[in-house]
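Novice: Provided herewith is a single structure, encoded as structure tokens, for subsequent inquiry.
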Amino acid sequence: MKSQTEGVRQSGGRIMARLIVLLGSLSYVMVFAVFNGFLGYVCAMGVTVSGAVAVAKLLGESVALSYGALMGIAIGCGVARGLLRYVEQYCNHYIAFRILAVLRDKIFGALRRLCPAKLEGKQKGGIIATITADIETLEVFYAHTISPVCIALSVSLAVFLFTGFISSWYIALTALAGYLVIALPLPLISAAKLRAPGVAYRQEFASFNAYYMDSVKGVRDVLLSGSVGARGEEIDRRTQALTEKTRLIKRLSSRAGALTALTISFFIAATLAVAAALTLTGALSAGRAVIGIVAVFGSFGPVTAIAALPSNLNQTLAGGDRVLKLLDEAPAVLPIEGGREPEFDEVRTRALCFAYEDKQVLRGVDIAAKRGETVGIAGSSGCGKSTFLKLLLRFWHRGGGEIEYDGTSIDEINTAALLQNVTMVSQSTYLFNESVLDNLLIAKPDATRAEVEEACAMAGIHDFILTLPQGYDSRVAALGDNLSAGEQQRLGLARAFLRGSKILLLDEPTSNVDSVNEGIILRALEKHGSDKSVILVSHRLSTLSAADRIYKLEGGVAHEQKKPC
Ligand SMILES: Nc1ncnc2c1ncn2[C@@H]1O[C@H](COP(=O)(O)OP(=O)(O)O)[C@@H](O)[C@H]1O
Ligand SMILES: [Mg+2]
């Protein structure tokens with residue numbers, strides 16, 4: 001039951017390496033993007049360096065190219081720079097959006113493996129954040145992290161070699177020292193300074209969001225309870241706190257930016273000093289000194305991009321870590337294929353036990369339901385009724401005992417057959433933002449209209465649907481709040497009837513319906529349940545009166561009860 005999504009974060013390098021591996025064949029596009037970025041910078045520098053070469057020629061340096069050719073190179077480099085930059089950015093964003101699609105697909109695949117167990121309980125919110133926000137932050141990693149780093153490395157190396165060979169190795173080494181200082185200690189220092197405020201900001205941001213959304217959702221109760229003022233003040237206070245944290249981060253980021261700019265100025269001054277010293281001592285001609293200085297002057301752009309990374313890199317790595325862990329997570333149960341497919345005429349549990357982590361819920365439950373039988377389960381809230389039904393669908397491995405369909409252990413039954421023949425109507429029914437008809441058809445996509453209407457009539461919802469503006473074609477979103485919890489529940493029931501499974505597990509099917517509709521549902525169960533086994537969980541005695549036998553679940557054990565009259 002323990003989830004891998006919690007726990008220790010993997011190291012930054014490992015996360016980055018694994019995220020790059022996820023690129024797969026897109027890595028060729030990445031290499032192409034880096035190559036274009038590199039050439040783009042080289043062209044940008046080509047503009048100034050060709051000017052410097054012209055100056056060197058003026059100063060008497062022997063240059064094979066004419067002034068006209070140098071001017072042509074400068075113009076050509078300027079134009080090419082624009083095009084190359086465009087291609088580089090295009091490639092980066094192409095990769096980023098393609099990889100987002102790939103990641104979403106992988107996450108969906110992972111959820112399919114991990115569900116339904118994974119979406120039970122507390123973890124649900126975290127997974128939704130991973131699917132939405134975390135994947136989005138990875139866009140930054142793919143579009144704005146990998147290629148700047150590669151481009152910085154290649155451009156710096158190229159300038160180092162160019163300056164060394166054409167001008168002077170002393171100037172080249174001074175520039176190299178500058179690149180190293182800007183790319184290594186500076187980002188590490190600013191990352192260290194930003195870490196704690198970054199964590200504090202994200203916590204404040206998450207808490208603000210939750211409070212704000214909560215207030216919006218509960219705005220009616222806020223209004224009715226007259227607590228608008230207090231809520232408003234609290235929101236103001238939290239906004240203020242968030243602004244303070246943002247301000248601190250901005251201040252630290254600008255300081256880091258200023259420090260980088262200062263370091264660049266320092267190394268430019270150092271390059272000038274080295275070049276002047278070399279020229280004055282006669283070790284280097286003035287023309288070559290100019291070329292070296294100009295080349296180094298224009299070369300700090302790419303490494304500055306590395307210095308600017310830490311502000312979001314931490315967040316990106318945390319998002320990447322959660323995405324990777326979700327992809328790695330082992331499912332609570334593996335689907336069974338190539339197993340057996342019984343008739344599903346009877347379901348029986350023997351001494352069934354189950355615990356959530358260390359919380360023992362079921363301690364030996366013996367319940368059986370045959371075809372044509374309706375078995376009721378009563379019990380106080382939290383005693384394990386829903387858990388019992390979920391175990392019959394193999395959400396989790398049982399802790400002990402046995403679950404059998406027609407005498408065959410649930411562990412030997414094909415998962416697809418189990419899901420086809422056993423249907424659960426849970427306490428809340430999710431309705432998709434589609435038409436009412438489409439919402440029903442998910443239970444049986446090839447059902448005819450007559451079948452759908454019959455299922456709805458059985459669930460006592462057909463007449464209500466006809467009163468909707470577009471009947472079965474009404475869109476759920478357009479109905480909004482007009483669909484009561486009871487109506488949603490009856491749509492859930494209609495889905496189950498439509499599916500036509502042999503075993504129906506109903507979790508509090510009448511908890512949100514009035515007694516008239518309860519009567520309709522119970523009569524439908526009586527009438528149409530004769531060829532099914534029905535397990536009916538309810539805390540209402542009136543609902544349980546529809547059952548042939550009733551068990552009371554208490555202390556993790558089920559006792560058969562006398563039927564109420
Ligand atoms: N996914 C879960 N993880 C951990 N504990 C859970 C989970 N689902 C339910 N529980 C706990 O197990 C107990 C039984 O829950 P449940 O089967 O939903 O009870 P009932 O349906 O009878 O109200 C409760 O105490 C509940 O808090
Ligand atoms: Mg329940």
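The values are calculated or read from the model by the stated rules, or taken from the named source; none is laboratory data. Only a predicted model underlies this, so the values are computations on that prediction, with no experimental measurement involved. In this analysis, Cβ positions are derived from the backbone assuming ideal geometry, glycine residues included, and neighbour counts consider all displayed protein chains.
Novice: Out of the residues in the stretch 188-203 that are modelled with pLDDT of 85 or more and in contact with a Leu (Cβ under 6 Å, 6 or more places away or on another chain), which is farthest from residue 318 (Cα to Cα)?
Specialist: Looking at the filtered set, the residue picked out is 193.
Novice: Also, I was wondering about something else. Give me the pairs, please: first residue somewhere in the stretch 379-400 and in contact (Cβ under 8 Å) with a residue 24 or more places away in the chain, second residue anywhere and near ligand 1 (Cβ under 7 Å from one of its atoms) and of a type in the set (Lys, Arg), beta-carbon distance under 7 Å, and either six or more positions apart or on two chains.
Specialist: Qualifying pairs under 7 Å: 379/385.
Novice: A further question on this structure: Taking residue 435 as the residue in question, decide whether it is at negative phi and either away from ligand 2 (no atom under 16 Å from the Cβ) or outside the structural domain of residue 478 (by TED's automatic domain parsing) (or both).
Specialist: Yes, satisfied.
Novice: Kindly evaluate residue 539 against the criterion of being within 16 Å of ligand 1 (Cβ to nearest atom) and either at pLDDT below 80 or not in a helix (DSSP H, G or I) (or both).
Specialist: Yes; evaluated as a whole, the condition is true for this residue.
Novice: Answer with yes or no whether residue 108 is farther than 20 Å from residue 41 by Cβ, touching a residue at least 24 places away in the same chain (Cβ under 8 Å) and aromatic (Phe, Trp, Tyr).
Specialist: no
Novice: Same structure, new question: Taking the criterion of being of a type in the set (Asp, Glu) and touching a Ser or Thr at 6+ places or on another chain (Cβ under 8 Å), would at least one residue in the stretch 82-104 satisfy it?
Specialist: Yes, that holds for at least one residue.
Novice: Out of (1) under 16 Å from residue 163 (Cα atoms); (2) of a type outside the set (Lys, Arg); (3) free of Cβ contacts under 8 Å to residues at least 40 places away in the same chain, the odd one out for residue 299 is which?
Specialist: Tallying (1) under 16 Å from residue 163 (Cα atoms); (2) of a type outside the set (Lys, Arg); (3) free of Cβ contacts under 8 Å to residues at least 40 places away in the same chain, residue 299 fails exactly one: (3).
Novice: Being of a type in the set (Lys, Arg), outside any loop (DSSP other than H, G, I, E, B) and over 24 Å from residue 448 (Cβ atoms): is that true of residue 552 here?
Specialist: yes
This table checks each residue for (1) farther than 18 Å from residue 41 by Cβ; (2) among the aromatic types (Phe, Trp, Tyr).
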{"position": "160", "(1), (2)": "no, yes"}
{"position": "164", "(1), (2)": "no, no"}
{"position": "171", "(1), (2)": "yes, no"}
{"position": "174", "(1), (2)": "yes, no"}
{"position": "186", "(1), (2)": "yes, no"}
{"position": "193", "(1), (2)": "yes, no"}
{"position": "196", "(1), (2)": "yes, no"}
{"position": "199", "(1), (2)": "yes, no"}
{"position": "206", "(1), (2)": "yes, no"}
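Novice: Another question, then. Looking at 350, 363, 371, which is the one that is away from ligand 2 (no atom under 16 Å from the Cβ) and either in contact with a Lys or Arg (Cβ under 7 Å, 6 or more places away or on another chain) or within 18 Å of residue 506 (Cβ to Cβ) (or both)?
Specialist: So the residue among 350, 363, 371 that is away from ligand 2 (no atom under 16 Å from the Cβ) and either in contact with a Lys or Arg (Cβ under 7 Å, 6 or more places away or on another chain) or within 18 Å of residue 506 (Cβ to Cβ) (or both) is 371.
Novice: Checking residue 356 against (1) in contact with a helix residue (DSSP H, G or I) (Cβ under 9 Å, 6 or more places away or on another chain); (2) among the hydroxyl-bearing types (Ser, Thr, Tyr); (3) crowded, with 18+ Cβ neighbours inside 10 Å, which test does it fail?
Specialist: So residue 356 meets the others, but not (3).
Conditions tested, residue by residue: (1) part of a helix (DSSP H, G or I); (2) closer than 23 Å to residue 150 by Cβ; (3) within 41 Å of the chain's Cα centre (by Cα).
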| position | (1), (2), (3) |
| --- | --- |
| 44 | yes, yes, yes |
| 56 | yes, no, no |
| 79 | yes, no, yes |
| 91 | yes, yes, yes |
| 96 | yes, yes, yes |
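Novice: So, in the stretch 103-121, of the ones that are surrounded by fewer than 16 Cβ atoms within 10 Å (Cβ to Cβ) and of a type in the set (A, V, I, L, M, F, W, C), which residue ends up nearest to residue 132 (Cα to Cα)?
Specialist: Among them, the one singled out is 108.
Novice: Ok, one more. From the list 166, 235, 189, exactly one residue is assigned to a helix (DSSP H, G or I), assigned by TED's automatic domain parsing to the domain that holds residue 301 and within 30 Å of residue 280 (Cα to Cα). Which is it?
Specialist: 166
Novice: Go through the stretch 364-443 and tell me which helices (runs of 4 or more DSSP H), entirely inside it, have 1 or more residues that are under 30 Å from residue 463 (Cβ atoms), of a type in the set (A, V, I, L, M, F, W, C) and more than 13 Å from ligand 1 (Cβ to nearest atom).
Specialist: Answer list for the stretch 364-443: 436-441.
Novice: Further question: Sort out for me the helices (runs of 4 or more DSSP H) sitting completely within the stretch 273-355 that have 2 or more residues that are among the hydroxyl-bearing types (Ser, Thr, Tyr).
Specialist: Result: 310-328.
Novice: Testing residue 555 on (1) within 16 Å of ligand 1 (Cβ to nearest atom); (2) within 20 Å of residue 422 (Cβ to Cβ), one condition comes back false. Which one is that?
Specialist: (2)
Novice: Separate question: Within the stretch 437-463, which residues are farther than 22 Å from residue 479 by Cα, among the small types (Gly, Ala, Ser) and surrounded by fewer than 17 Cβ atoms within 10 Å (Cβ to Cβ)?
Specialist: 450
Residues checked against (1) farther than 28 Å from residue 137 by Cα; (2) over 20 Å from the mean Cα position of the chain (by Cα):
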residue	(1), (2)
196	no, yes
199	no, no
205	no, no
209	no, no
212	no, yes
224	yes, yes
230	yes, yes
235	no, yes
241	no, yes
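Novice: Right, here's the next one. Looking at residue 269, is it of a type in the set (Gly, Ala, Ser), crowded, with 16+ Cβ neighbours inside 10 Å and not assigned by TED's automatic domain parsing to the domain that holds residue 53?
Specialist: For residue 269, the condition - of a type in the set (Gly, Ala, Ser), crowded, with 16+ Cβ neighbours inside 10 Å and not assigned by TED's automatic domain parsing to the domain that holds residue 53 - is not met.
Novice: Just checking, does the stretch 486-509 include any residue being modelled with pLDDT under 80, surrounded by 23 or more Cβ atoms within 10 Å (Cβ to Cβ) and away from ligand 1 (no atom under 16 Å from the Cβ)?
Specialist: No, because not a single residue in the stretch 486-509 is modelled with pLDDT under 80, surrounded by 23 or more Cβ atoms within 10 Å (Cβ to Cβ) and away from ligand 1 (no atom under 16 Å from the Cβ).
Novice: If you go through the stretch 494-529 one residue at a time, how many are within 31 Å of the chain's Cα centre (by Cα) and either part of a helix (DSSP H, G or I) or of a type in the set (Gly, Ala, Ser) (or both)?
Specialist: 2
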